[in-house]
1. List, in the order given, every pair from Lys86/Lys126; Lys31/Lys86; Lys53/Lys89 whose Cα-Cα distance in the structure shown is over 31 Å.
2. Would you mind computing, in nm to one decimal, how far apart the modelled labels at Glu56 and Asn41 are, each placed 7 Å from Cα along Cα→Cβ?
Amino acid sequence: LVTNLREVEDNHKYQKYHADCINFIGQHLNKPNQYLIKVANSQILKMEEAYEKVVEELAQNVSIGQRLDQKQNVWEEYREVRRQLKQMKDRLWEVEAHEERLVELDDWREEDGHWTSKTMQALCGKIDK
């Protein structure tokens, strides 16, 4: 019982943390239709549904004997969804870091005193298109 109460509390914080991370990454990518963001948001919804299902199951008024006879790992489905979400979040961080590196590469052309040849300027112009 104590373990399940601790799990309820910890998993609620975990959900909030991951939802905030996905929102943060989505805001900084500036690509609202990015596929991984959409998939991660749907995974967050699945995780919330699994969490609510477990909380409802644990909230049932049963005797201690019935609680002990209950299936041992009520958090199994939730943990699987959480594991998948963590993998997606890690991949989104990689995407965001890659986008940031690309932005930094573009910044050097706008620095004062920067000089390039006409060939390099033409090439950069084609890349920017």
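1. Beyond 31 Å between Cα atoms: Lys86/Lys126.
2. It is 2.5 nm.
All of the numbers you see were taken from the coordinates with simple rules; none came from a lab. On a predicted model such as this, the values are computed, not experimentally measured, just so you know. Cβ coordinates were reconstructed from backbone atoms using ideal geometry, including for glycine residues, and neighbour counts include every protein chain displayed.
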